[in-house]
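Here is the structure we will look at.
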Amino acid sequence: MSYHKFLDPELIIPISRSSTTAFRTGSWSRIRPVFEEKFSPCSVACPTANNIASAMFKISQGDFDGALAAFLEESPLPGVCGRVCNHNCQSKCNRNDHDSSVRIRTIERSASDHGTAKPVQLTDAGKKLPVAVIGSGPAGLAAAYHLARMGHPVSLLEASERLGGLLAMGIPGYRLPKKVLNHDIERILTLDIKPITNHTVDHEGLEKLLDSHKAVLLATGTWAPTTMGIPGEDLKGIIPGLDFLLDSSIQAQVKGRNVIVIGGGNTAIDASRVAMRNGAATVSILYRPDLDALPDSDDEVCEAEEEGILRIPSHPMEFIGEKGEICSIRCREIVQAEYSNNCISSSKPNIEFKELFPCDVVITAIGQTLVASSLHSSLQQEYGRIVADRQGRTARKGLYVAGDAGPFQATVVDAMASGKRAAVSIHLELTGSMDETSTALLDSGRTFSIMDMFKTGPKRNSDASAKINRYSYLTASETTPQCSPTIAADERVCGFQEVVGGLESKEATAEAGRCFYCGSCIGCDLCATFCPDVSMCQESGKTAYEADPEHCKGCGACAAACVRGVLEMGEEQ
Amino acid sequence: MNNNNTIDVLDAGHAACPGCGYAIGMKTVLKALGSKAVVVVVPSCAAIIAGPFPNTSLGVPSFHSAFEIAAPTAAGISAALKRQGISDVTVLAFAGDGGTFDIGLQALSGAADRNEDFIYVCLDNEAYMNTGVQVSSSTPMYSWTGTSPNGNTKNKKQIMEIMAAHRIPYAATASIAFPEDLMAKVEKAKTMRGTRFIHLLAPCNTGWKIAPDEAPLVSRLSVESNIFPLYEIFDGLRYEINYQPKRLPVENYLAVQGRFSHILPDQIKAVQTETDRAWAELCAREARTRQLYGDTPVAIDCESGTKEI
């Protein structure tokens with residue numbers, strides 16, 4: 001039997017030969033998905049606006065070099081920030097509502113430990129416009145880095161013999177090893193930056209710099225101790241916190257003695273832990289819950305408490321001496337209202353309050369202020385800082401301020417952020433390209449991204465960060481974060497080795513894989529997979545997904561499935 | 001427009017409602033099926049999506065058949081292809097839950113009994129949605145439909161157990177919310193011969209009274225709450241669970257759907273009890289059948305497909 005004898009089927013049954021694409025189902029709705037990459041909540045919380053989602057995705061794919069490059073877009077010190085940053089980002093992580101935040105700081109450290117990348121030049125528009133930066137702490141380094149990336153030849157002046165400022169001298173090696181800092185600084189110096197160390201700038205020096213450079217940025221920091229204003233402060237044995245951290249000969253004096261540290265912030269915690277490492281008999285911290293700054297993160301408080309440091313809330317009223325030497329502190333009790341005012345979870349008192357605290361050495365770490373030098377006294381000051389606006393501009397044209405010397409938050413990452421804002425402000429002013437959009441970006445918004453400044457097209461709005469939708473938590477399994485290896489307390493107090501270790505690359509990849517990559521499209525294709533109308537398309541070579549307006553019925557399945565919050569439904573333009 | 005996600009398998013412009021779970025399901029199945037295939041559609045929303053004459057959305061040759069005969073039509077096409085010496089074309093039938101659980105059950109049973117060579121995908125939206133939401137034997141207990149205005153009074157028919165009883169080489173449940181799992185199952189079925197059955201839960205936004213963007217979400221919930229576990233049955237005997245769900249309370253699944261808006265706390269409790277029982281039984285079956293048959297396929301002594309006439 002052969003088949004060609006059969007009838008042509010077309011003669012007995014109708015056969016559809018055209019496509020349904022002829023039907024313009026797009027007319028059913030005016031609502032369409034809108035593709036817009038956004039800041040992730042963590043990036044908004046990060047003062048330097050690190051592109052965390054992008055770095056996380058790269059590490060989850062094992063690309064440590066790419067992740068480091070992503071961090072270097074916004075911040076020159078990933079090795080430093082990966083260790084000492086106060087990680088605001090983690091408290092805003094969308095994963096907090098699910099299981100536990102992604103360990104972003106640890107991942108930044110992993111990118112720096114396992115990756116290599118070079119700084120990228122943004123423009124060479126500043127080639128003929130030299131800028132001087134006074135001070136090489138986090139603010140000065142960040143400013144010099146970003147200025148050099150925008151083409152400016154930078155002179156980086158430093159009073160001491162080493163670059164790094166507070167990072168080099170004020171943060172002990174068990175938190176930030178010197179070689180990590182030096183590695184970050186070496187990377188910065190691959191740019192067109194001329195470091196000049198052992199160079200102190202006074203009032204006249206500043207005038208000269210203003211003549212020889214188009215702009216000068218002051219990032220000198222605050223190095224003078226704040227006094228407590230209570231009786232007995234001139235007794236022997238009372239040491240300002242920063243002096244203690246800077247000078248190893250002073251540190252050696254605490255061996256075998258009873259040490260009390262006054263203050264609640266990072267300097268206080270660092271000073272107490274350094275005293276412990278120098279063989280102090282006992283170390284306690286007296287902190288005033290209503291007045292003292294709180295340490296940047298709970299981790300440090302926990303680590304200090306593990307090392308046997310007591311934290312007691314109280315109010316020193318008088319230093320009592322014997323033959324001119326400190327022997328005890330008289331305190332008044334903390335009122336409940338003061339206590340509840342300013343309290344974090346782990347800052348619970350761990351011994352009962354006493355009125356009299358006997359001691360041999362007192363370290364005061366209640367804050368710092370500007371050094372009284374001719375450089376600073378010629379400038380207008382308020383609350384112990386130089387007066388400046390958000391961009392770091394002072395009353396004098398061409399003179400900018402960044403970091404602790406200016407009216408900015410006193411953390412490493414905030415100093416870096418103020419350095420970046422000032423650098424961009426200097427660049428725009430000198431190249432004459434300051435416009436309304438730039439001013440708005442520099443002055444407003446919770447965070448400031450230099451990459452957004454230099455990219456074409458619409459700028460991201462840091463007040464509208466990516467939201468998470470119901471689908472994200474449903475599809476994500478609950479996982480525990482990777483733990484960083486930590487040296488046992490009794491072992492680590494014997495020396496200055498780094499307390500917290502980094503993750504292995506495999507662990508880092510797993511940790512970064514927990515990220516939702518909020519606000520950044522990673523090409524997961526879920527929107528296209530769940531589009532019933534086959535109208536979600538990604539044009540070749542582009543990252544953006546777009547709905548075919550002729551066929552999209554506006555159901556919103558794509559936006560509902562977009563775990564990253566990049567797609568949202570909106571009216572057709 | 002260029003779309004690298006679906007290549008010539010389903011065209012835009014079909015007449016499904018916005019957010020249709022059927023369309024998502026068909027698209028995913030067709031993508032895994034590839035272009036070397038013939039598809040049978042029968043009256044159901046699948047036929048609406050396939051398009052009115054003279055237009056079609058399907059990128060592969062397809063045949064519209066009668067409501068109850070998806071399975072024998074596919075068997076016939078498969079046999080005809082074999083007769084012509086064509087062996088690399090897969091025949092797949094799409095039918096709704098009405099066409100599978102109710103009207104087409106006898107015809108499907110006959111084809112499965114003969115172990116005819118085709119893949120049968122039951123797109124289950126748990127009622128006669130195309131005709132305006134009437135109760136079917138696939139409708140779950142307590143669900144509203146036009147003909148069960150106070151809630152359905154019967155439990156959902158266990159189609160997987162019926163199919164397993166035919167000892168067909170492959171039967172699997174799948175969900176549109178797990179596209180990778182669904183595609184893997186279609187691809188696995190493609191490599192086999194004989195009657196292969198895929199029970200695909202595909203929500204109907206209209207009939208389930210959910211928002212147009214909620215079909216993937218609700219499907220996901222159905223799996224995560226154990227209402228619709230994902231598993232495979234090999235040779236009708238050996239069970240294998242594919243996904244360990246989060247075991248969310250069934251209330252999460254019921255509460256998002258308007259068709260359960262009248263449900264009472266006692267009824268939710270009853271659904272939870274029944275779901276827990278079914279899950280425990282499924283786990284026990286998996287353990288028992290693995291112990292009996294191991295991981296190797298069970299040998300069944302029968303020849304697949306239609307014999308030479």
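Before moving on, here are some points about what is shown:
- Inter-chain neighbour count for A:552-564: the average number of beta-carbon atoms from partner chains within 10 Å of each residue's beta-carbon is 5.
- Only one residue of B:Ile268, B:Ala70, B:Tyr293 has its Cα farthest out toward the positive end of the dipole of the range B:21-293, where Lys and Arg carry +1 and Asp and Glu -1 on Cβ, and that residue is B:Tyr293.
- Assigned charges on the beta-carbon of Lys, Arg, Asp, Glu; the protein assembly as shown dipole about Cα centre (debye): 1220
- Ignoring lysines fewer than eight residues from A:Lys255 along the same chain, the ones with Cα atoms less than 28 angstrom from its Cα are A:Lys178, A:Lys179, A:Lys236, A:Lys323, A:Lys348, A:Lys354.
- Kyte-Doolittle at least -1.0, axis length at least 27 Å by Cα - qualifying DSSP helices, chain B: B:265-293
- In chain A, a dipole from Cβ-located charges (positive for Lys and Arg, negative for Asp and Glu) runs towards its positive end, and of A:Leu430, A:Ile196, A:Gly115 it is A:Leu430 whose Cα lies farthest in that direction.
- Residue by residue along B:176-184, Cβ atoms of other protein chains within 10 Å of the local Cβ number 2 on average.
- Per residue of peptide B:47-54, the mean number of Cβ atoms on other chains within 10 Å of the residue Cβ is 3.
- Only Lys, Arg (+1) and Asp, Glu (-1) charged, at Cβ; the range B:21-293 dipole about Cα centre in debye: 420
- Only Lys, Arg (+1) and Asp, Glu (-1) charged, at Cβ; the range A:31-148 dipole about Cα centre in debye: 180
- Since only B:Gly258, B:Ala177, B:Trp208 are under comparison, the one whose Cα sits farthest along the positive direction of the charge dipole of the range B:21-293, derived from C-beta charges on Lys, Arg, Asp and Glu, is B:Ala177.
- Antiparallel bridges, percent of DSSP beta bridges restricted to the protein assembly as shown (to nearest 5): 35
- Prolate/oblate/rounded call for the range B:14-67, Cα gyration tensor, a/c under 1.5 rounded: oblate
- Listed peptides A:206-214, B:96-104, B:29-37, B:45-53 by packing density, highest first (mean Cβ within 10 Å): B:96-104, B:45-53, B:29-37, A:206-214
- Across the alpha-carbon set of the protein assembly as shown, the Rg to Rh ratio works out to 1.10, Rh being the Kirkwood radius.
- Of the whole protein surface, A:Asp299 contributes about 60 Å² of accessible area at a 1.4 Å probe radius.
- Taking the average, over residues, of other Cβ atoms within 10 Å as the packing measure, peptides A:550-557, B:162-169, A:502-509 rank A:550-557, B:162-169, A:502-509 from highest down.
- The GNM of chain B, with springs linking C-alpha atoms under 10 angstrom apart, assigns the highest mean-square fluctuation among B:Ala80, B:Ala202, B:Ala112 to B:Ala80.
- In Hz, Karplus ³J(HN,Hα) per residue of the range B:116-132 (6.51, -1.76, 1.60; θ = phi - 60°; x = Gly, Pro): 5, 8, 6, 9, 10, 10, 8, 7, 9, 10, 6, 4, 7, 6, 4, 9, x
- Most to least packed among A:48-55, A:321-328, A:300-307 [average Cβ atoms within 10 Å]: A:48-55, A:300-307, A:321-328
- Charge sum, other residues only, whose C-beta stays under 15 Å from B:Gly110's C-beta, Lys/Arg counted +1 and Asp/Glu -1: -2
- With the largest listed first and rounded to whole Å, the semi-axes of the equivalent ellipsoid of the range B:1-132 from the Cα gyration tensor are 22, 20, 11.
- Of A:Lys118/A:Lys506; A:Lys38/A:Lys194; B:Lys157/B:Lys185; A:Lys467/B:Lys27; A:Lys58/B:Lys31; A:Lys506/B:Lys246, pairs whose Cα-Cα distance is over 31 Å: A:Lys38/A:Lys194
- Cross-link reach list, lysines versus A:Lys397, counting only Cα pairs under 19 Å and skipping chain neighbours closer than eight places: A:Lys128, A:Lys208, A:Lys214, A:Lys420
- Expressed to the nearest 5 percent, the antiparallel share of DSSP beta bridges inside the range B:21-293 is 25 percent.
- Gyration tensor over alpha-carbon atoms, the range B:21-293, equivalent ellipsoid semi-axes in Å: 29, 22, 16
- Residue-averaged [θ]222 nm for the protein assembly as shown, counting only DSSP H segments that reach four residues, each worth -39500 (n - 2.57): -9000 deg cm²/dmol
- Counted by Cβ distance under 15 Å from B:Pro229, the other residues give a net charge of -3, where Lys and Arg count +1 and Asp and Glu count -1.
The values are calculated or read from the model by the stated rules, or taken from the named source; none is laboratory data. Since we're looking at a predicted model, the values are computed, not measured. Positions of Cβ are backbone-derived with ideal geometry, glycine not excepted, and every protein chain shown enters the neighbour counts. Note: accessible area is taken over every heavy atom of the protein model, side chains too, but ligands, DNA and RNA are not part of it. Shrake-Rupley method; radii C 1.70, N 1.55, O 1.52, S 1.80 Å.
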